[in-house]
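The values are calculated or read from the model by the stated rules, or taken from the named source; none is laboratory data. Small disclaimer: the values here were computed from a predicted structure and weren't measured. Counting neighbours? That spans all protein chains shown, and the Cβs are built from the backbone with ideal geometry, glycine included. Surface accessibility is based on the protein's heavy atoms, side chains included, excluding ligands, DNA and RNA. Shrake-Rupley method; radii C 1.70, N 1.55, O 1.52, S 1.80 Å.
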Amino acid sequence: YRDRGDREPLRVIPFTSDVDSIEQALYSLRADGGGDYAEDMQVGLQAALKNLDWRPDGIRAGFIIADAPPHTDYNQQEDYLWATQYANRNAIRLHTIGASGLSQDGEYIFRQIAATTYGQFIFLSYGETGESAGGGSPSDPGKVSHHTGSNWSSRRLDDIVVALIRRDMA
């Protein structure tokens with residue numbers, strides 16, 4: 001998903017067991033568009049939850065990876081709160097991954113989505129240290145943009161995703 005008015009605001013990639021086609025689809029994705037900070041995450045959540053062919057007997061988990069929160073000013077009926085309730089009712093766990101630059105509001109929303117669906121919130125630190133007020137800033141380079149305290153560890157993103165999938169399958 002991107003934002004309203006962007007070229008190709010939504011691309012749905014159907015579920016498949018063909019790992020090569022998944023890899024090809026992921027490599028074809030590019031971050032682009034916008035013009036404002038928030039994105040139309042809700043249209044992406046709606047498509048993922050309602051339009052994909054979720055197996056009734058499978059482990060159901062999704063990953064939201066973003067550096068911006070959803071638009072909350074589009075007055076959508078099926079917003080991120082609807083998505084968390086829908087996912088929870090349908091046993092779909094949503095893990096949220098906040099990339100650098102995610103604001104405190106975005107962190108709050110991502111944590112809310114993960115907690116409501118029994119997922120986990122993860123932040124990408126890119127080797128940053130220390131604390132900042134969220135969202136980072138040019139005057140405060142190298143600071144972690146998500147309040148971490150001392151209770152965090154650093155691992156590769158792919159290792160984290162695999163560990164979460166293994167946990168979900170257990």
Taking a label point 7 Å from the Cα of Q85 along Cα-to-Cβ, the residues of segment 42-59 whose backbone nitrogen sits under 19 Å from it are 42-51
Report the net charge of residues surrounding T96, where surrounding means a beta-carbon distance below 10 angstrom and charges are Lys +1, Arg +1, Asp -1, Glu -1. 0
Accessible area of segment 66-126 belonging to carbon and sulfur atoms, whole % at 1.4 Å probe: 43
Near the amide H of R93, under 5 Å away, which other amide H atoms are found, from residues 5 or more places off or on another chain, if H is placed in the peptide plane? R60, A61, G62
So if R0 is 25 Å, what FRET efficiency would R55 and L157 give, r being the distance between their Cβ atoms, rounded to the nearest 0.05? 0.50
Per residue, the convex hull enclosing the alpha carbons of segment 7-89 has a volume in Å³ of 111
For segment 1-89 the mean separation of alpha carbon contacts under 8 Å (6+ apart) over residue count, i.e. relative contact order in percent, is 34
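Hey, what's segment 25-90 come to in accessible area per residue, 1.4 Å probe, Å²?
60
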How many angstrom separate the Cα center of segment 1-25 from the Cα center of segment 84-115? 20
